[in-house]
Amino acid sequence: MFESDREAHALEAFLVARGEIGFPQEGTVWIQRAVDGPYFSRLKTRLTPRVHQTDRRLAAPFIEQGLDPLAHPDQSCGMAVVFATKHREEVLFHLARAAERLEEGGHLVVAAANDLGAGSLEKRVRELFGACDAFSKHKCRVLHAIKHGDTLDEDLLAGWRSGGEMRQMVPGGLWGAPGMFSWKRPDEGSRLLAGFIPQGLEGRGADFGAGNGYLALSLLERNPKIESLDLLDVEKKALDAAEINLKAHLSQGLRLGFHWTDVTQGSGLSGLDFIVMNPPFHSERGSLPVLGQRFIAEAMKALRPGGRLFMVANRHLPYEGELGSTGGTLVRREEASGFKVLEVVKR
(Lines give C-alpha, C1' and ligand atoms only; values in the text may rest on other atoms or scores of the structure.)
Protein backbone atom coordinates (compact mmCIF):
# COMPACT_ATOMS: atom_id res chain seq x y z
CA MET A 1 0.00 0.00 0.00
CA PHE A 2 1.46 3.35 -1.06
CA GLU A 3 1.56 6.41 1.20
CA SER A 4 -1.45 8.08 -0.40
CA ASP A 5 -3.58 4.95 0.10
CA ARG A 6 -2.56 4.70 3.74
CA GLU A 7 -3.27 8.39 4.25
CA ALA A 8 -6.77 8.00 2.77
CA HIS A 9 -7.53 5.03 5.05
CA ALA A 10 -6.14 6.88 8.06
CA LEU A 11 -8.36 9.86 7.27
CA GLU A 12 -11.43 7.61 7.07
CA ALA A 13 -10.53 6.05 10.43
CA PHE A 14 -10.10 9.53 11.93
CA LEU A 15 -13.55 10.66 10.75
CA VAL A 16 -15.15 7.50 12.14
CA ALA A 17 -13.32 7.72 15.48
CA ARG A 18 -14.12 11.39 15.98
CA GLY A 19 -17.69 10.94 14.85
CA GLU A 20 -17.20 14.11 12.78
CA ILE A 21 -18.31 16.06 15.87
CA GLY A 22 -17.70 19.74 15.41
CA PHE A 23 -17.02 19.52 11.69
CA PRO A 24 -19.12 21.62 9.31
CA GLN A 25 -22.49 20.15 8.33
CA GLU A 26 -22.75 22.19 5.12
CA GLY A 27 -20.63 24.33 2.83
CA THR A 28 -17.40 23.51 1.00
CA VAL A 29 -14.54 21.16 1.78
CA TRP A 30 -11.35 21.81 -0.21
CA ILE A 31 -9.04 18.80 -0.62
CA GLN A 32 -5.47 19.41 -1.84
CA ARG A 33 -3.46 16.59 -3.45
CA ALA A 34 -6.73 14.69 -3.18
CA VAL A 35 -6.79 10.90 -3.39
CA ASP A 36 -9.92 8.80 -3.65
CA GLY A 37 -11.18 6.66 -0.81
CA PRO A 38 -14.13 5.98 1.55
CA TYR A 39 -13.48 9.22 3.41
CA PHE A 40 -14.48 11.12 0.26
CA SER A 41 -17.92 9.52 0.07
CA ARG A 42 -18.38 10.29 3.76
CA LEU A 43 -17.50 13.97 3.40
CA LYS A 44 -19.53 14.63 0.27
CA THR A 45 -22.78 13.43 1.87
CA ARG A 46 -23.06 16.88 3.45
CA LEU A 47 -20.29 19.06 2.03
CA THR A 48 -19.57 20.24 -1.51
CA PRO A 49 -16.13 18.91 -2.46
CA ARG A 50 -13.54 20.94 -4.35
CA VAL A 51 -10.58 18.75 -5.20
CA HIS A 52 -7.12 19.73 -6.33
CA GLN A 53 -4.87 16.99 -7.71
CA THR A 54 -2.27 17.75 -10.38
CA ASP A 55 -1.17 14.11 -10.81
CA ARG A 56 -3.33 12.77 -13.64
CA ARG A 57 -3.33 9.20 -12.28
CA LEU A 58 -4.64 10.22 -8.87
CA ALA A 59 -7.01 12.74 -10.45
CA ALA A 60 -8.69 10.11 -12.67
CA PRO A 61 -11.32 8.91 -10.13
CA PHE A 62 -12.50 12.48 -9.56
CA ILE A 63 -12.69 13.21 -13.28
CA GLU A 64 -14.83 10.08 -13.66
CA GLN A 65 -17.18 11.56 -11.05
CA GLY A 66 -17.51 14.76 -13.07
CA LEU A 67 -15.32 16.86 -10.80
CA ASP A 68 -12.66 19.33 -11.88
CA PRO A 69 -9.40 18.11 -10.29
CA LEU A 70 -7.78 21.52 -10.69
CA ALA A 71 -10.51 23.41 -8.87
CA HIS A 72 -10.01 26.18 -6.34
CA PRO A 73 -12.85 27.21 -4.02
CA ASP A 74 -14.41 30.43 -5.21
CA GLN A 75 -15.12 31.48 -1.62
CA SER A 76 -13.97 30.67 1.90
CA CYS A 77 -14.53 27.13 3.14
CA GLY A 78 -15.31 25.64 6.51
CA MET A 79 -13.01 22.64 6.08
CA ALA A 80 -9.77 22.00 4.21
CA VAL A 81 -7.97 18.69 3.82
CA VAL A 82 -4.31 18.35 2.82
CA PHE A 83 -2.70 15.07 1.80
CA ALA A 84 1.02 15.19 2.43
CA THR A 85 3.56 14.26 -0.25
CA LYS A 86 7.30 13.68 -0.10
CA HIS A 87 7.91 17.28 -1.22
CA ARG A 88 8.21 19.31 1.98
CA GLU A 89 7.95 22.73 0.34
CA GLU A 90 4.85 21.65 -1.57
CA VAL A 91 3.14 20.42 1.62
CA LEU A 92 3.87 23.69 3.44
CA PHE A 93 2.54 25.58 0.40
CA HIS A 94 -0.71 23.62 0.61
CA LEU A 95 -0.97 24.30 4.34
CA ALA A 96 -0.58 28.02 3.66
CA ARG A 97 -3.23 27.98 0.93
CA ALA A 98 -5.62 26.08 3.19
CA ALA A 99 -5.08 28.56 6.02
CA GLU A 100 -5.78 31.48 3.69
CA ARG A 101 -8.97 29.95 2.33
CA LEU A 102 -10.40 28.71 5.65
CA GLU A 103 -13.01 30.89 7.29
CA GLU A 104 -12.60 31.88 10.94
CA GLY A 105 -13.18 28.77 13.03
CA GLY A 106 -12.66 26.53 9.98
CA HIS A 107 -11.12 23.08 10.31
CA LEU A 108 -7.81 21.97 8.82
CA VAL A 109 -7.21 18.23 8.51
CA VAL A 110 -3.85 16.89 7.31
CA ALA A 111 -3.17 13.25 6.45
CA ALA A 112 0.55 12.40 6.51
CA ALA A 113 2.39 9.08 6.37
CA ASN A 114 4.91 8.64 9.15
CA ASP A 115 7.73 7.99 6.69
CA LEU A 116 6.93 11.27 4.93
CA GLY A 117 7.77 13.22 8.08
CA ALA A 118 4.41 13.27 9.86
CA GLY A 119 6.06 14.09 13.18
CA SER A 120 7.83 17.13 11.81
CA LEU A 121 4.67 18.21 9.99
CA GLU A 122 2.71 18.11 13.26
CA LYS A 123 5.14 20.68 14.66
CA ARG A 124 4.73 22.85 11.57
CA VAL A 125 0.93 22.82 11.82
CA ARG A 126 1.15 23.75 15.48
CA GLU A 127 3.49 26.62 14.64
CA LEU A 128 1.13 27.98 12.00
CA PHE A 129 -2.21 27.54 13.79
CA GLY A 130 -1.10 27.79 17.41
CA ALA A 131 -2.51 24.37 18.34
CA CYS A 132 -2.85 20.92 16.79
CA ASP A 133 -4.00 17.47 17.84
CA ALA A 134 -3.00 14.19 16.20
CA PHE A 135 -4.62 10.83 15.50
CA SER A 136 -2.50 7.79 14.52
CA LYS A 137 -3.56 4.91 12.26
CA HIS A 138 -2.12 2.88 9.37
CA LYS A 139 1.41 4.21 10.03
CA CYS A 140 0.08 7.73 9.46
CA ARG A 141 -0.92 10.74 11.49
CA VAL A 142 -4.05 12.74 10.88
CA LEU A 143 -3.57 16.27 12.18
CA HIS A 144 -6.44 18.56 13.14
CA ALA A 145 -6.31 22.30 13.75
CA ILE A 146 -8.86 25.12 13.89
CA LYS A 147 -8.22 28.52 12.39
CA HIS A 148 -8.24 31.47 14.76
CA GLY A 149 -6.99 34.73 13.32
CA ASP A 150 -5.39 35.83 16.58
CA THR A 151 -3.12 32.75 16.75
CA LEU A 152 -2.35 32.28 13.04
CA ASP A 153 1.30 33.03 12.22
CA GLU A 154 1.01 35.30 9.18
CA ASP A 155 4.77 35.47 8.62
CA LEU A 156 5.05 31.69 8.40
CA LEU A 157 2.04 31.61 6.10
CA ALA A 158 3.60 34.11 3.68
CA GLY A 159 6.93 32.28 3.63
CA TRP A 160 5.37 28.87 3.01
CA ARG A 161 3.15 30.24 0.27
CA SER A 162 6.06 31.82 -1.63
CA GLY A 163 8.18 28.68 -1.14
CA GLY A 164 5.79 26.55 -3.19
CA GLU A 165 5.17 28.89 -6.11
CA MET A 166 6.50 28.45 -9.64
CA ARG A 167 9.88 30.10 -9.96
CA GLN A 168 13.12 30.28 -11.89
CA MET A 169 15.82 28.54 -9.88
CA VAL A 170 18.77 30.55 -11.23
CA PRO A 171 18.91 33.60 -13.52
CA GLY A 172 18.34 32.38 -17.04
CA GLY A 173 17.48 28.88 -15.82
CA LEU A 174 14.36 26.78 -16.21
CA TRP A 175 11.15 27.35 -14.28
CA GLY A 176 9.84 24.75 -11.87
CA ALA A 177 7.93 24.21 -8.64
CA PRO A 178 7.99 21.80 -5.69
CA GLY A 179 6.05 18.63 -6.45
CA MET A 180 7.63 18.17 -9.87
CA PHE A 181 10.31 15.62 -10.73
CA SER A 182 13.80 17.13 -10.56
CA TRP A 183 12.36 20.64 -10.33
CA LYS A 184 15.48 22.41 -9.11
CA ARG A 185 17.86 21.14 -11.78
CA PRO A 186 17.85 18.58 -14.63
CA ASP A 187 18.65 15.09 -13.41
CA GLU A 188 21.80 13.31 -14.57
CA GLY A 189 19.92 10.94 -16.86
CA SER A 190 18.21 13.75 -18.75
CA ARG A 191 21.51 15.58 -19.17
CA LEU A 192 23.12 12.47 -20.63
CA LEU A 193 20.21 11.92 -23.01
CA ALA A 194 20.30 15.55 -24.16
CA GLY A 195 23.89 15.05 -25.30
CA PHE A 196 23.05 11.71 -26.95
CA ILE A 197 20.25 13.02 -29.20
CA PRO A 198 21.63 13.76 -32.70
CA GLN A 199 21.19 16.83 -34.81
CA GLY A 200 19.26 16.65 -38.07
CA LEU A 201 15.95 15.41 -36.70
CA GLU A 202 12.92 16.59 -38.68
CA GLY A 203 9.17 16.13 -38.79
CA ARG A 204 6.86 15.27 -35.91
CA GLY A 205 8.04 14.23 -32.50
CA ALA A 206 7.10 13.90 -28.85
CA ASP A 207 8.60 13.94 -25.38
CA PHE A 208 6.98 11.28 -23.16
CA GLY A 209 7.18 12.29 -19.50
CA ALA A 210 8.38 15.75 -20.49
CA GLY A 211 8.67 17.28 -17.02
CA ASN A 212 9.43 20.98 -17.22
CA GLY A 213 10.61 20.73 -20.82
CA TYR A 214 14.37 20.37 -20.36
CA LEU A 215 14.74 17.61 -22.98
CA ALA A 216 12.27 19.27 -25.35
CA LEU A 217 14.17 22.53 -25.14
CA SER A 218 17.52 20.81 -25.81
CA LEU A 219 15.95 18.93 -28.72
CA LEU A 220 14.52 22.05 -30.36
CA GLU A 221 17.69 24.08 -29.95
CA ARG A 222 19.70 21.41 -31.83
CA ASN A 223 17.07 20.54 -34.46
CA PRO A 224 15.50 23.67 -35.99
CA LYS A 225 13.69 21.71 -38.74
CA ILE A 226 11.32 19.96 -36.34
CA GLU A 227 7.75 20.72 -37.41
CA SER A 228 5.85 19.78 -34.27
CA LEU A 229 6.55 18.52 -30.80
CA ASP A 230 4.04 17.14 -28.30
CA LEU A 231 4.93 17.16 -24.61
CA LEU A 232 3.13 14.62 -22.40
CA ASP A 233 3.30 14.44 -18.62
CA VAL A 234 1.20 13.12 -15.76
CA GLU A 235 1.97 16.18 -13.60
CA LYS A 236 0.07 19.34 -14.58
CA LYS A 237 2.50 21.64 -12.76
CA ALA A 238 5.33 20.23 -14.89
CA LEU A 239 3.45 21.01 -18.10
CA ASP A 240 2.72 24.55 -16.91
CA ALA A 241 6.44 25.01 -16.30
CA ALA A 242 7.29 23.48 -19.68
CA GLU A 243 5.01 25.94 -21.45
CA ILE A 244 6.84 28.81 -19.76
CA ASN A 245 10.25 27.35 -20.59
CA LEU A 246 9.40 26.75 -24.25
CA LYS A 247 7.51 29.99 -24.89
CA ALA A 248 10.36 31.36 -27.04
CA HIS A 249 9.56 28.65 -29.60
CA LEU A 250 5.82 29.31 -29.69
CA SER A 251 6.12 32.17 -32.19
CA GLN A 252 8.48 30.48 -34.67
CA GLY A 253 5.97 28.50 -36.70
CA LEU A 254 6.57 25.38 -34.68
CA ARG A 255 3.51 23.55 -33.36
CA LEU A 256 3.83 22.65 -29.70
CA GLY A 257 1.28 20.55 -27.84
CA PHE A 258 1.05 20.16 -24.06
CA HIS A 259 -0.92 17.12 -22.90
CA TRP A 260 -1.83 16.34 -19.30
CA THR A 261 -2.05 12.59 -19.57
CA ASP A 262 -0.87 9.28 -18.15
CA VAL A 263 1.32 7.85 -20.91
CA THR A 264 0.97 4.33 -19.51
CA GLN A 265 -2.73 4.48 -20.45
CA GLY A 266 -2.02 5.56 -24.04
CA SER A 267 -0.58 8.62 -25.74
CA GLY A 268 -3.22 9.21 -28.40
CA LEU A 269 -0.42 9.88 -30.90
CA SER A 270 0.61 8.00 -34.04
CA GLY A 271 2.90 8.27 -37.06
CA LEU A 272 5.64 10.11 -35.17
CA ASP A 273 9.14 10.45 -36.58
CA PHE A 274 10.87 10.43 -33.19
CA ILE A 275 10.28 10.29 -29.45
CA VAL A 276 12.55 11.24 -26.56
CA MET A 277 11.93 10.12 -23.01
CA ASN A 278 13.34 9.63 -19.55
CA PRO A 279 10.60 7.29 -18.28
CA PRO A 280 9.76 7.04 -14.59
CA PHE A 281 10.38 3.84 -12.67
CA HIS A 282 8.96 4.86 -9.29
CA SER A 283 5.37 5.21 -8.13
CA GLU A 284 5.39 7.36 -5.01
CA ARG A 285 8.29 5.78 -3.06
CA GLY A 286 8.12 2.26 -4.54
CA SER A 287 10.24 0.99 -7.43
CA LEU A 288 7.99 0.01 -10.32
CA PRO A 289 9.95 -0.79 -13.52
CA VAL A 290 6.71 -1.70 -15.30
CA LEU A 291 6.10 2.05 -15.71
CA GLY A 292 9.11 2.31 -18.01
CA GLN A 293 8.03 -0.82 -19.86
CA ARG A 294 4.63 0.74 -20.50
CA PHE A 295 6.32 3.90 -21.77
CA ILE A 296 8.32 1.82 -24.24
CA ALA A 297 5.22 -0.03 -25.44
CA GLU A 298 3.32 3.24 -25.99
CA ALA A 299 6.30 4.82 -27.74
CA MET A 300 6.49 1.93 -30.19
CA LYS A 301 2.78 2.32 -30.92
CA ALA A 302 3.15 6.05 -31.56
CA LEU A 303 6.16 5.83 -33.91
CA ARG A 304 5.89 5.25 -37.65
CA PRO A 305 7.91 2.36 -39.13
CA GLY A 306 11.48 3.63 -39.21
CA GLY A 307 10.73 6.15 -36.46
CA ARG A 308 13.38 6.61 -33.77
CA LEU A 309 13.17 6.42 -29.98
CA PHE A 310 15.84 8.03 -27.80
CA MET A 311 15.63 7.11 -24.13
CA VAL A 312 17.62 6.95 -20.91
CA ALA A 313 17.20 4.60 -17.96
CA ASN A 314 19.08 3.31 -14.95
CA ARG A 315 21.56 0.76 -16.20
CA HIS A 316 20.08 -2.17 -14.25
CA LEU A 317 16.51 -1.85 -15.55
CA PRO A 318 15.44 -4.70 -17.90
CA TYR A 319 14.14 -2.68 -20.84
CA GLU A 320 15.95 -4.26 -23.80
CA GLY A 321 13.59 -7.23 -23.86
CA GLU A 322 10.59 -4.91 -23.93
CA LEU A 323 12.09 -3.04 -26.88
CA GLY A 324 12.37 -6.21 -28.92
CA SER A 325 8.93 -7.55 -28.04
CA THR A 326 7.21 -4.29 -29.05
CA GLY A 327 8.84 -3.94 -32.47
CA GLY A 328 12.02 -2.02 -31.75
CA THR A 329 15.58 -2.64 -32.87
CA LEU A 330 18.39 -1.32 -30.70
CA VAL A 331 20.92 0.49 -32.91
CA ARG A 332 23.02 2.44 -30.40
CA ARG A 333 23.76 2.20 -26.69
CA GLU A 334 26.02 4.15 -24.36
CA GLU A 335 26.56 3.93 -20.60
CA ALA A 336 27.71 6.53 -18.10
CA SER A 337 27.20 7.39 -14.41
CA GLY A 338 24.95 4.38 -13.79
CA PHE A 339 22.67 5.15 -16.76
CA LYS A 340 22.21 3.69 -20.22
CA VAL A 341 21.09 5.78 -23.17
CA LEU A 342 19.49 3.95 -26.09
CA GLU A 343 18.54 4.69 -29.67
CA VAL A 344 15.86 2.37 -31.03
CA VAL A 345 14.35 2.15 -34.52
CA LYS A 346 10.84 0.83 -35.00
CA ARG A 347 10.71 -2.08 -37.42
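Structural remarks
- Scanning segment 144-177 for residues that are assigned to a loop (DSSP other than H, G, I, E, B) and charged (D, E, K, R) yields LYS147, ASP150, ASP153, GLU165.
- Condition check for GLY205: at pLDDT 95 or above, in the same structural domain as ASP230 (by TED's automatic domain parsing) and not in a loop (DSSP other than H, G, I, E, B): yes
- Residue list for segment 19-57, restricted to those being part of a helix (DSSP H, G or I) and within 16 Å of CYS140 (Cα to Cα): TYR39
So that you can scan it fast, the table gives a plain yes or no per residue for (1) touching a helix residue (DSSP H, G or I) at 6+ places or on another chain (Cβ under 6 Å); (2) modelled with pLDDT under 95; (3) hydrophobic (A, V, I, L, M, F, W, C):
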| position | (1), (2), (3) |
| --- | --- |
| LYS225 | no, yes, no |
| ASP230 | no, no, no |
| GLY257 | no, no, no |
| VAL263 | yes, no, yes |
| GLY268 | no, no, no |
| ARG285 | no, yes, no |
| LEU303 | no, no, yes |
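- Selection within segment 180-202 - part of a loop (DSSP other than H, G, I, E, B), within 24 Å of HIS316 (Cα to Cα) and among the aromatic types (Phe, Trp, Tyr): PHE181
- Of all the listed residues (ALA177, ALA158), the sole one being among the aliphatic types (A, V, I, L, M), under 23 Å from LEU102 (Cβ atoms) and either in contact with a His (Cβ under 8 Å, 6 or more places away or on another chain) or surrounded by fewer than 16 Cβ atoms within 10 Å (Cβ to Cβ) (or both) is ALA158.
- Test for PHE62: is it of a type outside the set (A, V, I, L, M), farther than 30 Å from HIS148 by Cβ, in contact (Cβ under 8 Å) with a residue 24 or more places away in the chain and touching a strand residue (DSSP E or B) at 6+ places or on another chain (Cβ under 8 Å): yes
- Any chance ALA131 is crowded, with 22+ Cβ neighbours inside 10 Å and more than 18 Å from VAL51 (Cβ to Cβ): no
- Evaluating GLY306 against the criteria (1) on the phi > 0 side of the Ramachandran plot; (2) out of contact with any Lys or Arg (no Cβ under 8 Å at 6 or more places or on another chain); (3) not aromatic (Phe, Trp, Tyr) leaves one unmet condition, (2).
- Qualifying residue in segment 42-58 (condition: hydroxyl-bearing (Ser, Thr, Tyr), loosely packed, with under 15 Cβ neighbours inside 10 Å and over 18 Å from PHE135 (Cβ atoms)): yes
- Of the residues examined, VAL29 is not one that is among the aliphatic types (A, V, I, L, M) and more than 21 Å from LEU102 (Cβ to Cβ).
- Segment 148-175 residues that are touching a residue at least 40 places away in the same chain (Cβ under 8 Å), paired with ones that are among the polar types (S, T, N, Q) and surrounded by fewer than 17 Cβ atoms within 10 Å (Cβ to Cβ) (beta carbon under 9 Å, 6 or more apart): LEU174/GLN168; TRP175/GLN168
- Flag for SER228 being part of a strand (DSSP E or B), assigned by TED's automatic domain parsing to the domain that holds LYS184 and without any contact (Cβ under 8 Å) to a residue 60 or more places away in the chain: yes
- In segment 59-74, residue nearest to VAL263 (Cα to Cα) [restricted to those that are among the aliphatic types (A, V, I, L, M) and surrounded by fewer than 21 Cβ atoms within 10 Å (Cβ to Cβ)]: ALA60
- All conditions in (1) at pLDDT below 95; (2) closer than 21 Å to PHE196 by Cβ; (3) assigned to a loop (DSSP other than H, G, I, E, B) hold for ALA210, with the sole exception of (1).
- Any hit, segment 299-309, residues being in the same structural domain as ILE197 (by TED's automatic domain parsing), under 20 Å from SER218 (Cα atoms) and within 23 Å of the chain's Cα centre (by Cα): yes
- Listed conditions (1) surrounded by fewer than 18 Cβ atoms within 10 Å (Cβ to Cβ); (2) assigned to a strand (DSSP E or B); (3) of a type in the set (A, V, I, L, M) are all met by LEU256, apart from (1).
- Residue among ILE31, ILE21 that alone is loosely packed, with under 15 Cβ neighbours inside 10 Å, of a type in the set (Val, Ile, Thr) and under 30 Å from ASP150 (Cα atoms): ILE21
The values are calculated or read from the model by the stated rules, or taken from the named source; none is laboratory data. Bear in mind the structure is a predicted one, so any value in this text is a computation, not a measurement. As a convention, Cβ positions derive from the backbone with ideal geometry for all residues, glycine included, and neighbour counts pool all protein chains shown.
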